[in-house]
Amino acid sequence: GKEHLTIRYTPPSPHSLILTPSIMQSYEEIFRFLVLLIQTESSLKRVIRSSWWRNVRYGGRNWRSSGRRGRTAQNDYFEESLYGVEEWDPEETKAGLRLLRFGRGFVGGVMRYVFETGVGEVWEGFREALDLVAVRIRDGDGQGKSKVRGEVETEVEKIAKSVTDLEGLYRTHVGVVDEMRRRVLVGRQMEPVRKIVEGLCEICGEFERVVRVRCGELPKGGLRSGTGGGVGDLCARFEQGMGMLVKVLVGLEERDEQGNECWGKMRDAVDGNGFWERRGVSVL
């Protein structure tokens with residue numbers, strides 16, 4: 001429910017000078033996006049656990065006739081459930097398998113990008129800067145000695161130099177949160193890209209509902225109006241959305257003025273072999 005996606009925390013002083021209400025709201029927006037990705041991943045895992053997938057995977061054979069050993073109570077359940085699956089049109093089965101494969105690649109890639117680059121890379125630099133400040137304070141070195149002429153100042157050292165007091169820490173932290181918001185698509189300027197990702201997640205969720213309704217695991221009222229159980233249509237919409245997402249990421253990569261290559265990393269995460277870029281945007 002919504003209450004699980006809301007941060008309710010009042011930090012004590014002096015932390016309240018850093019974790020202001022607006023900053024907490026920014027973290028909440030980031031967490032909500034992460035939860036959406038995790039929910040989408042869980043939806044596709046439920047498809048793999050469904051009797052439809054088992055029927056496709058094992059071709060209608062039960063476990064006893066397949067010669068498998070080590071049968072368990074769970075295997076007995078498989079054996080009984082395979083024959084209660086609604087028959088699918090062969091073309092819809094192919095579309096379902098494509099959507100499952102593409103969906104898992106998409107959500108896995110976006111999650112990897114978000115945790116490694118969107119959040120992890122930014123936060124790691126901030127944490128290293130704070131560690132550097134702590135070491136210098138402990139050693140009585142203030143903000144550190146001047147660098148040797150010609151020696152390049154690292155990004156971590158630049159951040160550490162800006163954290164001279166609470167106000168400096170606040171401003172630096174705001175910059176870190178803003179950069180994470182931009183990279184994980186929750187910033188206002190990134191809304192068009194986020195809408196594409198959210199739309200792809202919604203298609204994956206609807207695909208799960210279609211599969212489970214047809215397996216008798218959910219009531220038919222669980223489908224959204226207008227879906228009609230058309231797996232082929234869902235797959236076509238997903239493929240179109242993936243083409244659009246990669247096209248937009250390529251454009252962002254070409255116009256990237258900050259030089260952190262985050263959009264190229266996201267494109268690599270969702271389209272590592274260049275399949276969607278080569279294919280382009282399909283027209284429904």
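The values are calculated or read from the model by the stated rules, or taken from the named source; none is laboratory data. Just so it is clear, the structure is predicted and the values come from calculations on it, not from any experiment. Positions of Cβ are generated from backbone atoms using ideal geometry, with glycine treated the same way; all protein chains shown enter the neighbour counts.
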Across the stretch 26-56, which residue is farthest from the chain's Cα centre (by Cα) among those that are charged (D, E, K, R) and at pLDDT below 95?
ARG54
Given the conditions (1) at pLDDT below 90; (2) exposed (fewer than 14 other Cβ atoms within 10 Å of the Cβ), report the number of the one that PHE78 does not fulfil.
(2)
Quick one: which residue in ILE38, ILE7, ILE30 is out of contact with any Leu (no Cβ under 6 Å at 6 or more places or on another chain), of a type in the set (A, V, I, L, M, F, W, C) and not in a helix (DSSP H, G or I)?
ILE7
Could you please let me know if SER146 is surrounded by fewer than 13 Cβ atoms within 10 Å (Cβ to Cβ), at pLDDT below 90 and either polar (S, T, N, Q) or in contact with a Leu (Cβ under 9 Å, 6 or more places away or on another chain) (or both)?
yes
Could you tell me which of the residues CYS215, CYS235, CYS262, CYS204 is among the hydrophobic types (A, V, I, L, M, F, W, C), over 30 Å from GLY125 (Cβ atoms) and modelled with pLDDT under 95?
CYS215
Collect the residues in the stretch 269-284 that are in contact (Cβ under 8 Å) with a residue 12 or more places away in the chain and surrounded by fewer than 19 Cβ atoms within 10 Å (Cβ to Cβ), keeping them in residue-number order.
GLY272, GLU277, ARG279, GLY280, VAL281, SER282, VAL283, LEU284
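Test TRP88 against the criterion of being buried (at least 17 other Cβ atoms within 10 Å of the Cβ), outside any helix (DSSP H, G or I) and modelled with pLDDT under 50, and give yes or no.
No: the conditions fail for TRP88.
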Does TYR170 satisfy being hydroxyl-bearing (Ser, Thr, Tyr), at pLDDT 95 or above and on the phi < 0 side of the Ramachandran plot?
no
Could you say whether any residue in the stretch 112-125 is basic (Lys, Arg), surrounded by fewer than 14 Cβ atoms within 10 Å (Cβ to Cβ) and modelled with pLDDT of 75 or more?
no
Sole exception among (1) part of a loop (DSSP other than H, G, I, E, B); (2) at pLDDT 90 or above; (3) surrounded by fewer than 17 Cβ atoms within 10 Å (Cβ to Cβ) for VAL186, by number
(3)
